[in-house]
Amino acid sequence: MLTLLMDGRDAQAVPARSAGEDLLMPAAGLERATGWALKPEGLCQGAVCVPVPAAKRNDWLRDDAVNLAAFWRHLGRPVLHDERGETWVCGADAEERGQRLRTLEAPDFALPDLSGRVHRLSDFRGQRVFLATWASW
């Protein structure tokens with residue numbers, strides 16, 4: 001199991017495997033984890049389908065797995081992972097991020113407090129919020 005962070009979704013543990021710069025996710029769990037599904041016409045999200053290029057078929061599809069990192073890079077979106085390949089981040093493209101920045105509205109997210117109770121940013125809509133962050137790394 002790996003940790004997957006995708007723009008607009010909560011962090012989740014996914015049954016995927018890491019192979020260097022590739023993130024191989026079973027096709028059966030792809031839609032639940034990412035919103036994209038493998039169909040005969042390609043990788044699809046709703047009515048939008050991205051055909052699998054013949055030249056990249058072996059890179060994108062391996063046995064029963066989809067190389068999510070290769071697909072994400074093809075879309076022009078950033079993909080990052082930690083040194084051990086246990087945590088992966090699939091981000092939004094620059095245009096989408098730019099649109100969000102222009103609105104000056106923070107995306108909704110959920111974090112636990114020190115007691116373990118989960119709070120969402122949207123719970124405080126209309127109120128002023130001070131958010132302090134810290135990381136040990």
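Annotations for the structure displayed:
- For TRP72, the shell of other residues with beta-carbons less than 14 Å away shows a net charge of -2, using +1 for Lys and Arg and -1 for Asp and Glu.
- Long-range HN-HN contacts of VAL66 with modeled amide H, under 5 Å: MET25, ALA27
- Of (1) 2, 10, 19, 24, 21, 14, 7, 3, 0; (2) 2, 8, 16, 20, 18, 14, 10, 7, 3, 1, 0; (3) 2, 9, 19, 22, 17, 13, 9, 5, 2, 1, 0, 0, the label for P(r) over Cα pairs in 5 Å bins from 0, in percent derived from the coordinates: (2)
- Counting 0.36 nm for each residue step from ARG73 to ALA27 and taking away their Cα separation leaves a gain of 14.8 nm.
- 3J(HN,Hα) from dihedral phi, segment 35-50, Karplus parametrisation 6.51/-1.76/1.60, rounded to Hz, x for glycine, proline: x, 9, 10, 7, 10, x, 7, x, 8, 10, 10, x, 7, 8, 10, 10
- Simple spin-label estimate for CYS49 and ARG117 in nanometres, 7 Å along Cα-Cβ: 4.9
- Each 10 Å bin from zero holds the following percent of Cα-Cα pairs in segment 4-62: 21, 52, 26, 1.
- Full extension of the chain segment joining ARG128 with ARG84 gains 12.0 nm, where the gain is 0.36 nm per residue of separation less the Cα-Cα distance.
The numbers here are math on the coordinates, done by the rules we state, and not lab data. Quick caveat, the model's predicted, so the values are computed rather than measured. All Cβ positions, glycine included, derive from the backbone under ideal geometry; neighbour counts span all protein chains shown.
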